[in-house]
4 protein chains.
Amino acid sequence: MISAEVAETVRRVDAFIRETVIPYEADPRNGGHGPTDELVQEMREKARALGLVAPHVRPDGSHVSHVETAALLKASGYSPLGPLAVNVMAPDEGNMYLLHKVATAEQKRHFLKPLVEGRTRSAFLMTEPDGGAGADPGMMKTTARPDGNHWVIDGRKTFITGADGAAFGIVMAKSPGGATMFLVDLPNPAIRIERVLDTIDSSMPGGHSVIAIENLRVSADQVLGEIDQGFRYAQVRLAPARLTHCMRWWGTAKRAHDIATGYAVKRHAFGKPLIDHEGVGFMLADNEIDLKQAELMIDWAAGVLDTGAHGTVESSMAKVAVSEALFRVADRCVQILGGTGVSRDTVVEQAFREIRAFRIYDGPSEVHRWSLAKRLKKLNTPA
Amino acid sequence: MISAEVAETVRRVDAFIRETVIPYEADPRNGGHGPTDELVQEMREKARALGLVAPHVRPDGSHVSHVETAALLKASGYSPLGPLAVNVMAPDEGNMYLLHKVATAEQKRHFLKPLVEGRTRSAFLMTEPDGGAGADPGMMKTTARPDGNHWVIDGRKTFITGADGAAFGIVMAKSPGGATMFLVDLPNPAIRIERVLDTIDSSMPGGHSVIAIENLRVSADQVLGEIDQGFRYAQVRLAPARLTHCMRWWGTAKRAHDIATGYAVKRHAFGKPLIDHEGVGFMLADNEIDLKQAELMIDWAAGVLDTGAHGTVESSMAKVAVSEALFRVADRCVQILGGTGVSRDTVVEQAFREIRAFRIYDGPSEVHRWSLAKRLKKLNTPA
Amino acid sequence: MISAEVAETVRRVDAFIRETVIPYEADPRNGGHGPTDELVQEMREKARALGLVAPHVRPDGSHVSHVETAALLKASGYSPLGPLAVNVMAPDEGNMYLLHKVATAEQKRHFLKPLVEGRTRSAFLMTEPDGGAGADPGMMKTTARPDGNHWVIDGRKTFITGADGAAFGIVMAKSPGGATMFLVDLPNPAIRIERVLDTIDSSMPGGHSVIAIENLRVSADQVLGEIDQGFRYAQVRLAPARLTHCMRWWGTAKRAHDIATGYAVKRHAFGKPLIDHEGVGFMLADNEIDLKQAELMIDWAAGVLDTGAHGTVESSMAKVAVSEALFRVADRCVQILGGTGVSRDTVVEQAFREIRAFRIYDGPSEVHRWSLAKRLKKLNTPA
Amino acid sequence: MISAEVAETVRRVDAFIRETVIPYEADPRNGGHGPTDELVQEMREKARALGLVAPHVRPDGSHVSHVETAALLKASGYSPLGPLAVNVMAPDEGNMYLLHKVATAEQKRHFLKPLVEGRTRSAFLMTEPDGGAGADPGMMKTTARPDGNHWVIDGRKTFITGADGAAFGIVMAKSPGGATMFLVDLPNPAIRIERVLDTIDSSMPGGHSVIAIENLRVSADQVLGEIDQGFRYAQVRLAPARLTHCMRWWGTAKRAHDIATGYAVKRHAFGKPLIDHEGVGFMLADNEIDLKQAELMIDWAAGVLDTGAHGTVESSMAKVAVSEALFRVADRCVQILGGTGVSRDTVVEQAFREIRAFRIYDGPSEVHRWSLAKRLKKLNTPA
């Protein structure tokens, strides 16, 4: 299911991450709030020289299959810096996917092209604070009011990844007949970053912001796709974006596992290598099983998407299973490394923090379980 | 990966189990120690009429692929009686596989043919009591001593499934240069069933026996395969046999899940259907995830076997993951059904007991984790 | 908190169980559906000779404290036969407690005295099938209709432990102003045992029955306590009865742990005693922790009851924590014993089955968690 | 078991933490590496005014009982800043305990008095890098070589909490007949802080350092207690120090639980308060159970220490059970809070990180399980 060409790109991404990106992890510009944009650009320059920027997008703008994307993104995630270096990080990667599917030619030229080329960053403004749209998008409070040939948008957004420093944002708001998405160049005086949250994760440039949108005027040609189709487009973006999170963090969890394995083979305690202690060896065996299961779930759900199906159910199942499996892996790796595991001497500590957040991002496990149960009820209720 | 022909057989097995086998579950001949041989033969007669006896063996004696076997055996397991009805139950199915690979034409005619036809049962005499061969086969104490053109075998075996009532057994014993397997018609005065164990599971005719072998004389043509190659043949049988356990019990766990789902949709508590209680709905969602992951692990490991590889590692990983996942599924189903779950009013109670035993049969999880850790150490230790 | 006198009785109960009761476990009269009444009486005769029948009830009919009861019942549970032998088994023990609190002198003479003396068995008819009173008692469908100086009761009950063979039952039914409890001699032609359920557990004589009550006439003096106070009395019985379940099964889980520990010390695999394998040793360490925590929870909740509080919340917390902890213990013991663990060669297999049922009896964990969450909400909601 | 006087102090500590300390959590001086010494002193000044500095030490220098300490320290931990504010934080609290037991009058005057008064900080230099003393103290590589009336110490230490900024350190080193502890004023040119580790936790001033000790000369009167008794003193400090960790983090986990409960009552999703979703309510119920069990384990182990026993086994059991229970609590709280849970808008995020580290500090769970299994083997092996 993976073409020879993509397989070769996977191998090159893998080598690039190991040889070029991993050494940057210790760079002082890779701080507690993630790498600086300067550092990202420096890595991207090297990726560009190798043709590895946005490797999942073909020269004609089309995307490789979801199963192929899985192979590429798992390789990229082997360093927490990797997805940035090769430009497959959230939210940019999901935004590329959505714009590719929905944007006009002009919108693609203006917004998508520099994004795919790795020259800009973007944001996706959907989640809201104070009981607004979160796990339950139906609670959206941000409004888009038509005003002649324009729209006027007001509301607040929270947890907007990468907004600080983004070149544009996709703003979702309630319109009279549903919800509508708008493309807006950033920074924009009507879109004020109230504060950048201090969060447990630290891999995303720009962090996560709380944002006030006040009297934002946008013109009709800034509408993404059709008016009132926002929830439908959110679905288009949703399932693949969830899965690409799984793919990237899979790579990071695999890295943590490899570090823990190496440590357990070398380090001795109570007269033998750690790995010869079943208490440690069994944890590593469970890691192997969890990683394999997570990989199979990712590939299965990606395969469903490749058939053209929405894959909402499958990506929900994968999100729950993969995020929880990878967290167990990361947690075990921390435990195996002991004191070193809770220090930043290896990326295991970061992997643990990032993957903890991942259990909440793109819908906490509980929301997915809830929707799986609802569907099961529907399937089993006689009409 | 599944031929259209096998896919069609899967559909027919599935229909046969649902329409013909499930009603037999309430038959009084299906008691606490499993169905009587009479009941098995009655079901098999019906399967034979449909051409569904040993559906994984082609008319020429060859076996369908492991991935195809998975589809057939999952369907068969939808009733705990199903694998018996269509003649794919342990230990017969594993013995068919081994004899097909290793036996002489004459041995196949005498032992294998009636077994595949579902007219006989068989046993595999490897595991030993009292610190003999168990999880660690190297501790084998049963000996085969050459005596002219014959062999004389002495020892004790335990947990020998189906020995009581079997038409033949494969006896494994330590020979001067390793271990050797022998084919022996049963009953045989030198092979004494000391007692049939009372066990938590109850799906296997003949139960599990403790056996004394005293001065058993076998001739050279009863050697299965080559002398001293017993451990190698045990490996040949091992990985596929482990996986077929996974396949059959997967079907049974799926059945339990379907019963629990149906119950949760219909039964009300505290003012709404059980399934609308997240405490129940989330358990069903987790079942869906566990069943899917188990299925993917089975298919993955079967696919590795289909490449011709031994699949020892992959089948170990699958055995641990699948047995533990299916146990979680069965345990949740019991819990959802409440009082009904711990009664024999549904097969959920039996599924729970059987799958508990499955976590130990064919190597407890701990032995598999131990061997996975050993391999990981080897792979990560510089030469 | 335990008087010297009770402490001495605990020691004697403990010795009696170990020396006299445990040997009866292998008695053929102790079958798959629990011991026969004959076997129970034989053991009780020996307990009576030592003054150990209902050791928690003082000669004047008063009960020792709940904390003292914990010590006695934990000791009794060291054999699954123990609580029967010393007459502290459910439902009799809970019925003794309730009658002691609520019954008239005449009712005590007729029903309670022979029960405490261990000469009769009793039943508690509350739970109903078909969406009636179960985890949610408010759904009670059995009705008690006043008819002159009598009551006429109609309805169906299920999972009525020990009804088959009981000398009397406490029947709960909806009365015009609430629910009322009635004392009824058994057998009674208006109380028909439709069937005895086949269940996973096997320690309770008489098993668990489905019962039809048709036109049962009872006189006013058969009312237990006051009319319409049935739900209140159910609460009086509930918390202590839940806890005594915890106490008895604690003893059984401790027994399983001791058996597993002994096995792990003696049995070798891969060149050393099982207990030297961390995979086994860690399970035993976790057993020790779980058993200690369970003991502390029992004593804490019992101590709350001893202050005179209802202890509904505390006994709910204890029920969830203890039943789940003991199940983990039993499950680990099965795993450590391997094949032996799933056979009835030791009581570990029975402990596993019984404690699985215990996670459902007296309210499944989910119902307790639900009520704990409700209370937490109430406590944290501003008036 | 808690005197009226201490009970009153507990109430006052509790009020102080809630009213005075919690507002400091948002102080900019409370940064990613914990509060500055200036901030600590400011809080301590206020505690001093209320007589709440080191409230577990009586005016005569004696310590309240371990059970009383538990009550005080649980109250202090309700803010991560609390133990620092009232001067019961690690490693100072453990060092106070050890010096109180072992130091000479002169050592007490010079080192202990200002420490108890909250005017200085201290360090405990035991753990070593590179396969030295860690979970297995027998691997100690730092040496103390007698040189006339002096000792010369050389070696490396790691994960030395609070060394940066400490007024003195207790240095442990291998001496000819065992191990010896030395008291050393800090800073000292022969004790070089190579670097302060960047760790997942951030509550300890001075962080955790890697330290090189080169040619450190100490005089005979700097020996703590007797020569060669270092391992014995480490044991004296060990069990109580482990437990005080449990006590402090218990308070922090309780805080997280209270925050999550408040959030779940107020915040709505899918049409009702979060707490009315069983997926959330059950997590809170499990928190209640875990917190209660953890509290009971702490009090039980503290009670054992109060009898004068070493409590090594009991504190090991408590350490494993409590650290893992509190981690589950913190993890659930993060999950309930969703996006807010992974941000530093509440202390839940910090609680999660700190308690993750706690599962490793003072011996990872695996080492405790290992020693529990060893003891169990010993107890069950016939002499």
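The values are calculated or read from the model by the stated rules, or taken from the named source; none is laboratory data. Only a predicted model underlies this, so the values are computations on that prediction, with no experimental measurement involved. Cβ placement follows ideal geometry from the backbone for every residue including glycine, while neighbour counts extend to all protein chains displayed.
Worth a mention:
- Boolean, B:Val280 is at pLDDT below 95 and in a helix (DSSP H, G or I): no
- Filtering the stretch A:175-207 to residues that are touching a Leu at 6+ places or on another chain (Cβ under 8 Å) and closer than 30 Å to A:Arg353 by Cα leaves A:Ile191, A:Ser203, A:Pro205, A:Gly207.
- For the stretch B:268-285, the candidate set comprises residues that are more than 7 Å from chain A (Cβ to nearest Cβ) and touching a residue at least 40 places away in the same chain (Cβ under 8 Å); within that set, the residue that is nearest to the chain's Cα centre (by Cα) is B:Met283.
- Scanning the stretch C:337-383 for residues that are farther than 28 Å from C:Gly162 by Cβ and of a type in the set (Ser, Thr, Tyr), we see that the one that is surrounded by the fewest Cβ atoms within 10 Å (Cβ to Cβ) is C:Thr381.
- Residues that are among the hydrophobic types (A, V, I, L, M, F, W, C) and farther than 24 Å from A:Leu39 by Cα, drawn from the stretch A:201-222: A:Val210, A:Ile211, A:Ala212, A:Ile213, A:Leu216, A:Val218, A:Ala220
- Filter result (surrounded by fewer than 19 Cβ atoms within 10 Å (Cβ to Cβ) and in contact (Cβ under 8 Å) with a residue 24 or more places away in the chain) within the stretch D:55-66: D:Gly61, D:Ser62, D:His63, D:Ser65
- All positions within the stretch A:248-267 that are more than 7 Å from every other protein chain (Cβ to nearest Cβ) and β-branched (Val, Ile, Thr): A:Thr252, A:Ile259
- Some residue of the stretch A:165-187 being over 30 Å from A:Met43 (Cβ atoms), surrounded by fewer than 21 Cβ atoms within 10 Å (Cβ to Cβ) and of a type in the set (Asp, Glu): no
- Residue identified as part of a helix (DSSP H, G or I) and not assigned by TED's automatic domain parsing to the domain that holds D:Val347 among D:Asp221, D:Asp258, D:Asp201: D:Asp221
- Contact map, the stretch C:28-54: first residue farther than 29 Å from C:Val64 by Cα and more than 14 Å from every other protein chain (Cβ to nearest Cβ), second residue surrounded by 15 or more Cβ atoms within 10 Å (Cβ to Cβ) and among the β-branched types (Val, Ile, Thr), Cβ cut-off under 8 Å, separation 6 or more or different chains; pairs are C:Arg29/C:Thr36.
- Total residues in the stretch A:27-54 satisfying the condition of being exposed (fewer than 13 other Cβ atoms within 10 Å of the Cβ) and within 22 Å of A:Met96 (Cβ to Cβ): the figure is 3.
- Residue check for C:Ala15: of a type in the set (A, V, I, L, M, F, W, C), assigned to a helix (DSSP H, G or I) and buried (at least 18 other Cβ atoms within 10 Å of the Cβ): no
- The residue list B:Lys319, B:Lys292 contains one member that is buried (at least 22 other Cβ atoms within 10 Å of the Cβ), at pLDDT 95 or above and basic (Lys, Arg), which is B:Lys319.
- A:Leu98 being outside the structural domain of A:Asp14 (by TED's automatic domain parsing), closer than 15 Å to A:Arg242 by Cβ and surrounded by 23 or more Cβ atoms within 10 Å (Cβ to Cβ): yes
- Any hit, the stretch C:128-144, residues being modelled with pLDDT of 95 or more, assigned by TED's automatic domain parsing to the domain that holds C:Gln222 and among the hydrophobic types (A, V, I, L, M, F, W, C): yes
- Residues of the stretch D:142-164 satisfying the condition of being in a loop (DSSP other than H, G, I, E, B) and surrounded by fewer than 16 Cβ atoms within 10 Å (Cβ to Cβ): D:Gly148, D:Asn149
- The one condition in (1) within 24 Å of C:Thr36 (Cβ to Cβ); (2) within 14 Å of chain B (Cβ to nearest Cβ) that C:Ile193 fails to fulfil: (2)
- Here B:Arg119 clears all of (1) modelled with pLDDT of 95 or more; (2) assigned to a loop (DSSP other than H, G, I, E, B); (3) of a type in the set (D, E, K, R); (4) surrounded by 18 or more Cβ atoms within 10 Å (Cβ to Cβ) except the condition numbered (4).
- Scope the stretch D:122-141; condition at negative phi and either hydroxyl-bearing (Ser, Thr, Tyr) or surrounded by fewer than 14 Cβ atoms within 10 Å (Cβ to Cβ) (or both); matching residues: D:Ser122, D:Thr127, D:Gly138
- The set of residues in the stretch A:11-27 that are more than 20 Å from A:Val348 (Cβ to Cβ) and over 21 Å from the mean Cα position of the chain (by Cα) comprises A:Arg11, A:Arg12, A:Ala15, A:Glu19, A:Thr20.
- Entirely in the stretch A:295-383, the helices (runs of 4 or more DSSP H) that have 3 or more residues that are touching a residue at least 12 places away in the same chain (Cβ under 8 Å) and more than 14 Å from chain B (Cβ to nearest Cβ): A:312-337, A:348-358
- Long-range neighbours under 6 Å by Cβ, at least six apart or interchain, first residue touching a residue at least 24 places away in the same chain (Cβ under 8 Å) within the stretch D:250-267, second crowded, with 24+ Cβ neighbours inside 10 Å and of a type in the set (S, T, N, Q): D:His257/D:Asn287
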